[in-house]
Amino acid sequence: MTKRLLDCNALLALGFVQHIHHTRVVAFYAAHSKDKFLTTPITELAFVRVGVQARYFADIPAAVAAFITLKNASRHKIEMIPDTVGVDALPAYVQKAADTTDGHLIALAKAHGARLTTLDTGIPGAELIP
C-alpha cells in the first residue's frame, strides 16, 4: 500500500466534476484502490480557498460542504495527517516564495512515508498524476 498526499489541485480535480482534470484524477484514484490517500490542514484549507476564488463553489460554506462530501463519499478513505513539519525541513530547491507550500508538502509527505501526488509539473520529488 502506497500513501499518497494529495495536493490542493488534485483534491479540487477529484471533488469538482467540472474541473478540467476531473476524469484524469478519478481514473488515477480508481486505479490505486489499495492505496491510502491523505490530506493536511493546508491542503484542506487550500481546497476551500482556491475553490471559492476559482468560482468552483459559491462561498466558503459550499466549499466546506463539498470537501466533507468528498471525504465521506470516497471509495477510499481520505485521511488527514497531522502537520508537525517546520520550516527547517524545507527542501534545498525551495528558493522562491512561490515554492514554499509545495516544498513543505514534499517534506510533510516524506515525514509520513507518503508521496506528494499532484497535477503540477516541476515539483522535485512529487508524483505527477498521469
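The numbers here are math on the coordinates, done by the rules we state, and not lab data. Predicted, not measured: the structure shown is a model, and the values here were computed from it. Using ideal geometry, Cβ is built from the backbone for each residue, glycine included, and neighbour counts are taken over all protein chains shown.
Skipping prolines and chain starts, which residues have an amide H placed within reach, meaning under 5 Å, of the one on Leu38, given they are 5 or more residues away or on another chain?
Arg4, Leu5, Leu6, Glu79
Which ³J(HN,Hα) values, rounded to whole Hz and listed in residue order, are derived for the stretch 23-39 from phi using the Karplus coefficients 6.51, -1.76 and 1.60 in 6.51 cos²θ - 1.76 cosθ + 1.60 with θ = phi - 60°, glycine and proline given as x?
4, 4, 6, 4, 4, 4, 4, 5, 6, 10, 5, 8, 8, 9, 9, 10, 10
Nearest 500 deg cm²/dmol is fine: what mean residue ellipticity at 222 nm does the chain get from its DSSP H runs of n ≥ 4 alone, each adding -39,500 (n - 2.57), divided by its residue count?
Calculated at 222 nm, the ellipticity per residue is -13500 deg cm²/dmol.
At q = 0.09, 0.11, 0.12 Å⁻¹, what is the log10 ratio I(q)/I(0) for the stretch 3-124, with the Debye formula run over Cα points and no solvent?
Values, matching the q order: -0.23, -0.35, -0.42.
Listing Tyr93, Tyr56 from the residue with the fewest other Cβ atoms within 10 Å to the one with the most, what is the order?
Taking fewest neighbouring Cβ atoms as first place, the list is Tyr93, Tyr56.
Can you return the lysines within cross-link range of Lys34? Criterion is Cα-Cα under 24 Å, with same-chain partners fewer than 8 residues away left out.
Lys3, Lys71, Lys77, Lys110
Go through Leu105, Pro41, Val25 and say which Cα lies farthest out towards the positive end of the charge dipole of the stretch 3-124; charges sit on Cβ, +1 for Lys and Arg, -1 for Asp and Glu.
Most positive-ward Cα: Val25.
Work out the length of the dipole vector of the stretch 3-124 about its Cα centre, built from +1 on the beta-carbon of each Lys and Arg and -1 on the beta-carbon of each Asp and Glu, and round it to the nearest 20 debye.
That gives a dipole near 440 debye.
What residue among Thr117, Thr23, Thr39 shows peak mean-square fluctuation when the chain is described by a Gaussian network model with Cα springs under 10 Å?
Thr23
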